[in-house]
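Working notes, beginning with the structure itself.
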Amino acid sequence: MVGHVTKDGTLAGPKVLEHAIDCSLLLEGEADSRYRTLRSHKNRFGAVNELGVFGMTEQGLREVKNPSAIFLSRGDEITSGSSVMVLWEGTRPLLVEIQALVDHSMLANPRRVAVGLEQNRLALLLAVLHRHGGLQMADQDVFVNVVGGVKVSETSADLALLLALISSFRNRPLPQGFSDFWRSWD
């Protein structure tokens, strides 16, 4: 049997396919990245929502032993607009860097671009910063990115995103050694 994943992430094809399979795995990656992530969405014999990270080498795909290293771009230089968080992928904690660039816009409608994060979540957090934080970003272009191409959908990224946005808006880096290892305790 053959099926495919639609744009919204659901399984399409014969309906019986969803119930006939024992395991559903999704291999993802950006076209310009040598890294690929493998996620389990259904696993009758083990854990789901686990993440495997692989790098393309001359010998084929190989496991990345320390995936956090590819999700961090920080060098020795401290820059504004960058924040690190812990992302839980199944049972694996990963250090992930969130980058933000906030800059004055010359456009009537400033741009809001989110790569690796949900666009609507960015809009919500910008509204929270305006209403409760007193930061006016309505005339600013806002670009956010998750380093390494990983996609973050959980709300535990909110604090790291807010810190990166404020850091970029004020053009002040977060203090050296400061990391926001926060997690939602649901």
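The values are calculated or read from the model by the stated rules, or taken from the named source; none is laboratory data. Given the structure is predicted, the values throughout are model-derived calculations rather than measurements. Please note: Cβ atoms are built from the backbone with ideal geometry, for glycine as well, and neighbour counts cover all protein chains shown.
Hey, does the stretch 146-155 have a residue that's in contact with a strand residue (DSSP E or B) (Cβ under 7 Å, 6 or more places away or on another chain) and farther than 22 Å from Leu51 by Cα? Looking for residues that are in contact with a strand residue (DSSP E or B) (Cβ under 7 Å, 6 or more places away or on another chain) and farther than 22 Å from Leu51 by Cα, one finds none in the stretch 146-155, hence no. Each residue in the stretch 51-75 was checked for being in contact (Cβ under 8 Å) with a residue 40 or more places away in the chain and in a strand (DSSP E or B), and 1 pass. Every test in (1) over 20 Å from Phe71 (Cβ atoms); (2) surrounded by fewer than 18 Cβ atoms within 10 Å (Cβ to Cβ); (3) touching a helix residue (DSSP H, G or I) at 6+ places or on another chain (Cβ under 9 Å) is passed by Val113 save one, and that test is (1).
Only residues that are closer than 16 Å to Gly149 by Cβ and in contact with a Lys or Arg (Cβ under 8 Å, 6 or more places away or on another chain) were counted across the stretch 90-116, and they come to 3.
Within the stretch 43-54, can one find any residue that is over 17 Å from Val152 (Cβ atoms), surrounded by 13 or more Cβ atoms within 10 Å (Cβ to Cβ) and touching a Gly at 6+ places or on another chain (Cβ under 6 Å)? Among the residues of the stretch 43-54, not one is over 17 Å from Val152 (Cβ atoms), surrounded by 13 or more Cβ atoms within 10 Å (Cβ to Cβ) and touching a Gly at 6+ places or on another chain (Cβ under 6 Å), which makes the answer no. Report yes if Ile78 is in contact (Cβ under 8 Å) with a residue 12 or more places away in the chain, in contact with a strand residue (DSSP E or B) (Cβ under 9 Å, 6 or more places away or on another chain) and either within 22 Å of Arg172 (Cα to Cα) or in a helix (DSSP H, G or I) (or both), otherwise no. Spelling it out, it is not the case that Ile78 is in contact (Cβ under 8 Å) with a residue 12 or more places away in the chain, in contact with a strand residue (DSSP E or B) (Cβ under 9 Å, 6 or more places away or on another chain) and either within 22 Å of Arg172 (Cα to Cα) or in a helix (DSSP H, G or I) (or both).
Scanning the stretch 130-155 for residues that are modelled with pLDDT of 95 or more and either among the hydrophobic types (A, V, I, L, M, F, W, C) or closer than 16 Å to Met85 by Cβ (or both) returns Val142, Phe143, Val144. Selection of the stretch 86-125 for residues being part of a helix (DSSP H, G or I), free of Cβ contacts under 8 Å to residues at least 12 places away in the same chain and among the hydrophobic types (A, V, I, L, M, F, W, C) yields Ala123, Leu124.
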